[in-house]
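The values are calculated or read from the model by the stated rules, or taken from the named source; none is laboratory data. Computed from a predicted model, the values in this text were never measured in an experiment. Positions of Cβ are backbone-derived with ideal geometry, glycine not excepted, and every protein chain shown enters the neighbour counts. Accessible surface is based on the protein model in full, side chains and every heavy atom, while ligands, DNA and RNA are left aside. Shrake-Rupley method; radii C 1.70, N 1.55, O 1.52, S 1.80 Å.
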Protein chains: 4
Amino acid sequence: MNSEPAVERVRRQVCALHAELVRYGLVAWTAGNVSGRVPGADLFVIKPSGVSYDDLTPESIVVCDLDGHLVDGVHTPSSDTAAHAYVYRHMPDVGGVVHTHSTYASAWAARAEPIPCVLTAMADEFGGEIPVGPFALIGDDSIGRGIVTTLEAHNSPAVLMQNHGVFTIGEDARSAVKAAVMCEDVARTVHVARQLGEPIPIPDSDVAKLHDRYQNVYGQG
Amino acid sequence: MNSEPAVERVRRQVCALHAELVRYGLVAWTAGNVSGRVPGADLFVIKPSGVSYDDLTPESIVVCDLDGHLVDGVHTPSSDTAAHAYVYRHMPDVGGVVHTHSTYASAWAARAEPIPCVLTAMADEFGGEIPVGPFALIGDDSIGRGIVTTLEAHNSPAVLMQNHGVFTIGEDARSAVKAAVMCEDVARTVHVARQLGEPIPIPDSDVAKLHDRYQNVYGQG
Amino acid sequence: MNSEPAVERVRRQVCALHAELVRYGLVAWTAGNVSGRVPGADLFVIKPSGVSYDDLTPESIVVCDLDGHLVDGVHTPSSDTAAHAYVYRHMPDVGGVVHTHSTYASAWAARAEPIPCVLTAMADEFGGEIPVGPFALIGDDSIGRGIVTTLEAHNSPAVLMQNHGVFTIGEDARSAVKAAVMCEDVARTVHVARQLGEPIPIPDSDVAKLHDRYQNVYGQG
Amino acid sequence: MNSEPAVERVRRQVCALHAELVRYGLVAWTAGNVSGRVPGADLFVIKPSGVSYDDLTPESIVVCDLDGHLVDGVHTPSSDTAAHAYVYRHMPDVGGVVHTHSTYASAWAARAEPIPCVLTAMADEFGGEIPVGPFALIGDDSIGRGIVTTLEAHNSPAVLMQNHGVFTIGEDARSAVKAAVMCEDVARTVHVARQLGEPIPIPDSDVAKLHDRYQNVYGQG
């Protein structure tokens, strides 16, 4: 099997998806990145480090192996590449990973406080609270391990890394971007709700029903 | 009477009106929808489920009967179709329905707290408070019944559904979109006002005068 | 003297300036308007009522006399025309008036609380606090009288009308729009500052120095 | 050495960088400015006073000597020119300076409260808290001296000037603009975090490690 066409397709998708981070206001300057696993190969593609979103092209997106080493590309990979690689190595069903410092999600993360499930849209997409992962320094597998350990214990495709920001996963890069967009949206709405009182909890059984229906019925099937 | 031209016209209008939801920041990803009754027919048109706003075309807008069953269109109707259909069946003067999870309206909804009428623009458009409807799960007529019961007891064309979001109605789809835009605008302004103290109430008699004047005098007549 | 060319020039300017209200997020749907006095004539031009900003053209801008009666134009004038007319009749140096329900200014207005002068940019533009005018119903000269009485007692070109929104004045329509933009900007910044504590006051003598310098030195002279 | 080409290049860069202030919502009307040192000459270029961002061209950017006197250009320099000039005279490694009244940074400045370092992105870019400089009136070297004295005592390339706004520095104008964008981003996120509780501090030793790594490893090297 020739993996080249798949690589180029994922590069184009991942390049284009960065524009969604900009459109939804999830990123400032160059602080946020999308990666996507290459189907049929032990590879993923990711944003180059410190390159502005305006300047991204499919060719500038770099290709890495699952240890995060550069395989193809003229740029240095994102400084978050080790965390993405760890997720791909340990979560085989994950096809896309997104990292941002989006304002409201990062504010919950700065307090190390999970976002409670008080909106039906949150039950739909996250199946419960959005959990907090540990404080971890960049430079080894600490961040990746914190992401995977936390996500494996929750329904949520998003984890708030303490004092840092948010990582989201999906079956492909587009799903992970959707989770990043919805995470900031509910982080903001629940924050605003909490500013003037206590939101009403949704019973766990109703959260489960909503999550099950959304995962199986929503969309074009 | 041939209903076809009316269907196509409403499809075009409803397609275009989704761009207003995006422009005013009322929706994230695909979470929000507009529908419009087809004049002279027991039909309404509505957004297809899970399709991004960028990809909407008049042809992609689906046509449903008043029980919410698909009559024409190649996509699955919005997962909120049953709620829209219930409104059209029980409120014959309603020609348009909008549903969003806009941030500030949803924040009031998460606390199940009506928005008090403390702005003249709110008196104009809503004729009093914006009320809260019950918590209801998707999947049967619970949401539709909650919308209709609440709206019938108030002047407001908008209802905050507990833990969920906002539904608005209008004589046509454009009026319902206007109500959705104004609902988020006043939800935000009253929220901001309340953050630093108590807004001053407007006497009921003045609310009534403002509402009456706006409904009968404003605009190009 | 032939006033026709001046009318058409002011119509073009006032039409174009409405785009600044949209750009700075001061207006939702059709809720805000700009007017401009016609030099050399007892006339002013103003937005037509209920027309969307996208649809404004210089021809759609209506011309009124200083009693607010329609003199030229195919549309009904803004429902706020009487307030604008009152200002032009009683403040001969005013060449432009703007009215919006911008979020943060309206939030202070809903609490009837003046915005304290705690920013040098506020001292520059407003020369002190932004004051609150009375609650007044639309339909007679109450709003206009409230605006003029309040502005005459302050340096500020902006007044927060209780439970309503903001009116600003200027030597021409562009200056009044600038005051509306800066009013919302400082209303927001001071609100945000107050959310986490008390801003530090600026001594009155320093406010006076800043205001004097800005009114006389800033810009291209 | 002929400095002319360098002047024109920096004029183009500085002109273009003002669009980033607009894009990131850091400025209202004309309230914010970028300057850049001219390599190989005792000159810098800066925005003209009171000119709207839409109307800026490379030719409209003015050239000043390090005392802030106009050397080339048809417009009056920014009213903040003396502060920029003071920085260039006293900090020889600085190649760019930015001044804005961005909302969240100015809100911390209005309370004279430094922004605590509770985000890894803040440790990366600012190496600790973002400090507050003194209240100072425009018109002499007070603002410039306050900026330089404060920045020399901190890692941060940004200083919050009390009751005023933010000044940032960089090795060139682009770096100073990046610091202005990141300053507002972290000012907002930490503000939002603080609204609902106390953010968790990052230990000083971890701040130092993050800052060191980011300054030396991030980007395309």
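For the criterion of being surrounded by fewer than 22 Cβ atoms within 10 Å (Cβ to Cβ) and either more than 28 Å from D:A187 (Cβ to Cβ) or within 11 Å of chain C (Cβ to nearest Cβ) (or both), D:V62 fails.
Across the range A:179-189, the number of residues qualifying as at the interface with another protein chain (Cβ under 7 Å from one of its Cβ atoms) and open to solvent by less than 40 Å² (accessible area, probe 1.4 Å) comes to 4. Residues in the range B:30-59 that are open to solvent by 30 Å² or more (accessible area, probe 1.4 Å) and within 14 Å of chain A (Cβ to nearest Cβ): B:G50, B:Y53, B:D54, B:D55.
Residue by residue, here is whether (1) among the acidic types (D, E); (2) within 14 Å of chain C (Cβ to nearest Cβ); (3) open to solvent by 50 Å² or more (accessible area, probe 1.4 Å) holds:
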residue	(1), (2), (3)
D:G139	no, yes, yes
D:G146	no, yes, no
D:T150	no, no, no
D:A153	no, no, yes
D:M161	no, yes, no
D:G165	no, yes, no
D:R174	no, no, yes
D:V177	no, no, no
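Among the residues examined, D:G127 qualifies as at positive phi, away from chain C (no Cβ under 14 Å) and over 14 Å from the mean Cα position of the chain (by Cα).
A single member of B:L26, B:L17 is open to solvent by less than 20 Å² (accessible area, probe 1.4 Å) and in a loop (DSSP other than H, G, I, E, B), and it is B:L26. Only a single item in (1) open to solvent by 20 Å² or more (accessible area, probe 1.4 Å); (2) more than 24 Å from D:A19 (Cβ to Cβ); (3) out of contact with any strand residue (DSSP E or B) (no Cβ under 7 Å at 6 or more places or on another chain); (4) in contact (Cβ under 8 Å) with a residue 40 or more places away in the chain is not met by D:M122, and it is number (1). For C:D206, the conditions (1) over 20 Å from C:Y104 (Cα atoms); (2) without any contact (Cβ under 8 Å) to a residue 60 or more places away in the chain are fulfilled apart from (2). Checking every residue in the range C:25-34 against the condition of being among the hydroxyl-bearing types (S, T, Y) and modelled with pLDDT of 95 or more gives zero matches.
Checking each residue in the range C:29-46 for being part of a loop (DSSP other than H, G, I, E, B), of a type outside the set (A, V, I, L, M) and under 21 Å from C:H101 (Cβ atoms) picks out C:W29, C:T30.
In a residue-by-residue description of the range B:47-58, the property of being assigned to a strand (DSSP E or B), within 14 Å of B:D172 (Cα to Cα), in contact (Cβ under 8 Å) with a residue 24 or more places away in the chain and in contact with a Ser or Thr (Cβ under 6 Å, 6 or more places away or on another chain) applies to no position. Scanning the range A:46-90 for residues that are over 20 Å from the mean Cα position of the chain (by Cα) and hydrophobic (A, V, I, L, M, F, W, C) yields A:L70, A:V71, A:V74. The set of residues from the range C:174-221 being outside any helix (DSSP H, G or I) and more than 24 Å from D:P77 (Cα to Cα) comprises C:L196, C:G197, C:E198, C:P199, C:I200, C:P201, C:I202, C:P203. Within 14 Å of chain D (Cβ to nearest Cβ), touching a strand residue (DSSP E or B) at 6+ places or on another chain (Cβ under 6 Å), open to solvent by less than 10 Å² (accessible area, probe 1.4 Å) and modelled with pLDDT of 95 or more, is that true of C:A193? In short, no. Scanning the range A:73-119 for residues being part of a helix (DSSP H, G or I) and either buried (at least 22 other Cβ atoms within 10 Å of the Cβ) or more than 14 Å from chain D (Cβ to nearest Cβ) (or both) gives a total of 17.
Considering (1) in a helix (DSSP H, G or I); (2) under 30 Å from C:L17 (Cα atoms), the lone condition that D:I147 does not fulfil carries the number (2). Filtered by the rule that a residue be of a type outside the set (S, T, N, Q) and under 18 Å from C:K178 (Cα atoms), the range C:118-146 gives C:L119, C:A121, C:M122, C:A123, C:D124, C:E125, C:F126, C:G127, C:G128, C:E129, C:I130, C:P131. Taking the criterion of being more than 7 Å from chain B (Cβ to nearest Cβ) and open to solvent by 80 Å² or more (accessible area, probe 1.4 Å), the residues of the range A:201-216 that qualify are A:P201, A:D204, A:D212, A:Q215, A:N216.
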